[in-house]
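For reference, the structure discussed in these notes is given below.
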Amino acid sequence: MQGFNLYNEPVDISEDFRDFKNTYYLAGDLGSFDPPSGRGTIIYNRYEYSTRLAFNNMLGRFLPVPANEFPGNEYAASPELPFTVEDYENFFIPELDSNPLNSPEFSRIPSPA
């Protein structure tokens, strides 16, 4: 349904990942991690998309770049952002059966005599 200019049309953002004008922040290093609490930080490195040409072969690649904002201390060039890992044992995950007739809804239907 894309390409009809509808108001509720899904937005295709895939072109942004191939645009040479954008700056990309990719997860680079684990800054810190506390296993008992499941909390830590990830250091994101700053890259730009560029090309490499060799023997009739042009490839796209990411190159690290320094910060280009003014003033230079306003934004971190490699931000360190928090994350959390949570235990999934406390969540209910239903077991699925391959035969839908074995579900509880069908077990209450009396069988024909």
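None of the figures in this text is laboratory data; all of them are computed from the coordinates on show. These figures come from a predicted structure and were not determined experimentally. Virtual Cβ from ideal backbone geometry, glycine too; neighbours counted across all protein chains shown.
List of remarks:
- Residues that are surrounded by 11 or more Cβ atoms within 10 Å (Cβ to Cβ) and either in a strand (DSSP E or B) or in contact (Cβ under 8 Å) with a residue 12 or more places away in the chain (or both) do not occur anywhere in the range 1-20.
- Among the candidates 57, 45, residue that is on the phi < 0 side of the Ramachandran plot and in contact with a strand residue (DSSP E or B) (Cβ under 8 Å, 6 or more places away or on another chain): 45
- Failed item in (1) farther than 20 Å from residue 17 by Cβ; (2) aliphatic (A, V, I, L, M); (3) surrounded by 10 or more Cβ atoms within 10 Å (Cβ to Cβ), with residue 53 passing the rest: (3)
- Number of positions in the range 21-52 that are among the hydroxyl-bearing types (Ser, Thr, Tyr) and assigned to a loop (DSSP other than H, G, I, E, B): 1
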